[in-house]
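Read the structure below first, then the notes.
The values are calculated or read from the model by the stated rules, or taken from the named source; none is laboratory data. Here the structure is a predicted model, which means the values were calculated and not measured. Cβ placement follows ideal geometry from the backbone for every residue including glycine, while neighbour counts extend to all protein chains displayed. Areas reflect the complete protein model, heavy atoms only, side chains present, ligands, DNA and RNA absent. Shrake-Rupley method; radii C 1.70, N 1.55, O 1.52, S 1.80 Å.
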Amino acid sequence: MRITYYGTAAGEGWPGVFCQCPLCRQARRLGGKNIRTRSQALINDDLLLDLPPDNQLHSLYGGLDLGAVRALLFTHSHSDHCYPEDLEFLREPYSHTRQGGLLVYGNEAVADKVKAACGGLGGVKERFRFETLQANTPLNVLGYRVLPLRATHTPKEQCLFYRIAQGDKALLYAHDTGALTEENMAYLSAQSGKLSLVSLDCTCQRHRDGKYHMGLADCAAQKEKLLAAGLADGQTVWVVNHFSHNGGWLHEELAYEAGKHGFLAAYDGMTIEL
Ligand SMILES: [Zn+2]
Ligand SMILES: [Zn+2]
Ligand SMILES: [Zn+2]
């Protein structure tokens, strides 16, 4: 099982699209891993997590092969994760040679956004088919065992994060969420097998939150919680991801600080083989 991070910023990107703060100016000047686009990751070659407005950028410069993607899991409807207008281009005359439809999953708010952008939720004869997900109800997607979990993010919709398992590997992709709740821990504990990788929201970096997002100290606390519950072990790979320029650390300092807690700091283009 492999995960590739194509976009590792919070909503405004880093540098922020209109921002001229010192950290955005520095990121523009330094380039490299300090340049972060909007949130997207890929499991192996076929399971995509989120469809941000930087979707085409990831395919042009990040090496993302959207033609090979067979299923898409949306976390929630915020614009940095959900740009459903691109789903329209799956059909003729915009896309000619694609074989097979795209399976698309998301919450009700995402369904509304998809409907508004594409005029419907697709169907068997069309290029995508949308299925509405409920938290805590496991499903099989392309042979992956997927558990959508209830994120603590905004009261306006039921945001989701995901446990995704294949064979004896499992990963937790928990972004745009605060601290793991007792309910999250109970549903995670009901799954068999340890987590091979845990990817946690670290929007706030040096600041704490835990209510809508997390900072590094919150992530470290979640790591302790998962280890104490026996859901992860010494083999687990720990990643922080989804960073805002308000968090205070450019990549090098972030990687150093994250390393103190045993976390890797994600960057655009990072791939981890499990
Ligand atoms: Zn976000
Ligand atoms: Zn800025
Ligand atoms: Zn969000």
Take the residues of segment 88-114 that are touching a strand residue (DSSP E or B) at 6+ places or on another chain (Cβ under 9 Å) and in a helix (DSSP H, G or I): which is most open to solvent (accessible area, probe 1.4 Å)?
E108
Can you spot a residue in segment 6-14 that is of a type in the set (S, T, N, Q), away from ligand 2 (no atom under 16 Å from the Cβ) and either assigned to a helix (DSSP H, G or I) or under 20 Å from D201 (Cβ atoms) (or both)?
no
By residue number, the members of segment 189-214 that are over 16 Å from T8 (Cβ atoms) and either open to solvent by less than 10 Å² (accessible area, probe 1.4 Å) or part of a helix (DSSP H, G or I) (or both) are S189, L195
Going through segment 58-87 in order, the residues found to be more than 19 Å from D268 (Cα to Cα), out of contact with any Lys or Arg (no Cβ under 7 Å at 6 or more places or on another chain), away from ligand 3 (no atom under 11 Å from the Cβ) and open to solvent by 10 Å² or more (accessible area, probe 1.4 Å) are A68, R70, E85, D86
Checked segment 220-249 for anything open to solvent by 20 Å² or more (accessible area, probe 1.4 Å), touching a residue at least 40 places away in the same chain (Cβ under 8 Å) and not small (G, A, S); matches are K223, K225, Q235, V237, H245, N246, W249
Quick one: which residue in A217, A186, A179, A151 is more than 16 Å from ligand 2 (Cβ to nearest atom), without any contact (Cβ under 8 Å) to a residue 12 or more places away in the chain and within 22 Å of T8 (Cβ to Cβ)?
A217
